[in-house]
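Step one of this worksheet: look at the structure below.
Computed from the coordinates by the stated procedures, all read-outs in this text should not be read as laboratory data. Note that the structure is predicted; figures quoted are calculated from it, not measured. Here the Cβ positions follow ideal geometry from the backbone for every residue, glycine too, while neighbour counts run over all protein chains shown.
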Amino acid sequence: MQILFAWDAVSNADPEMGRQVANDGTRDEEIRQSALEMAKGAWDYVPVTDRWIERLAPKWPPRRQPGVDRSLLRLAAWELVNTPTPPKVVIAEAIELAKAFSTEQSAAFVNGVLDTLLKEHTALTDKSRLPEA
């Protein structure tokens, strides 16, 4: 989330900046590499994620959200759709990060958006698995 936040602040996925943020966060090379890969995946997915979030929360589109919330939602949305991490874990982690690093209302907002996003994604993927009639 911190890597995405930094990239969002400069509107650029600067690899060197990403490495520096990861290096500042941990000494564990495996964790740093994983964080960079997840951040890059989420950054590449931003146009799709932002449109999805804007449709789900039209009064609070990404451009109006606090930077932390925007970064959390982008990362969690990407993770929900692109990794095997259990959805409950992804959403719970995003909520905890919102509580720790953002506004009083952020945890509820992040929870609501991600819950709706997950329901939509699940409905779409379940329909695609149905056999043809």
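Couple of notes before you dig in:
- Number of positions in segment 1-32 that are of a type in the set (S, T, N, Q) and within 17 Å of F101 (Cα to Cα): 1
- Taking first residues from segment 1-12 that are closer than 21 Å to I31 by Cβ and partners that are part of a loop (DSSP other than H, G, I, E, B) and among the small types (G, A, S), the Cβ contacts under 6 Å between residues at least 6 apart in sequence or on separate chains come to W7/A13.
- The criterion of at least 3 residues that are in contact (Cβ under 8 Å) with a residue 40 or more places away in the chain, among the aliphatic types (A, V, I, L, M) and closer than 21 Å to W7 by Cβ is met by the following helices (runs of 4 or more DSSP H) wholly inside segment 55-133: 67-82, 106-128.
- Note on segment 26-42: among residues that are assigned to a helix (DSSP H, G or I) and out of contact with any helix residue (DSSP H, G or I) (no Cβ under 6 Å at 6 or more places or on another chain), the one that is farthest from W78 (Cα to Cα) is E29.
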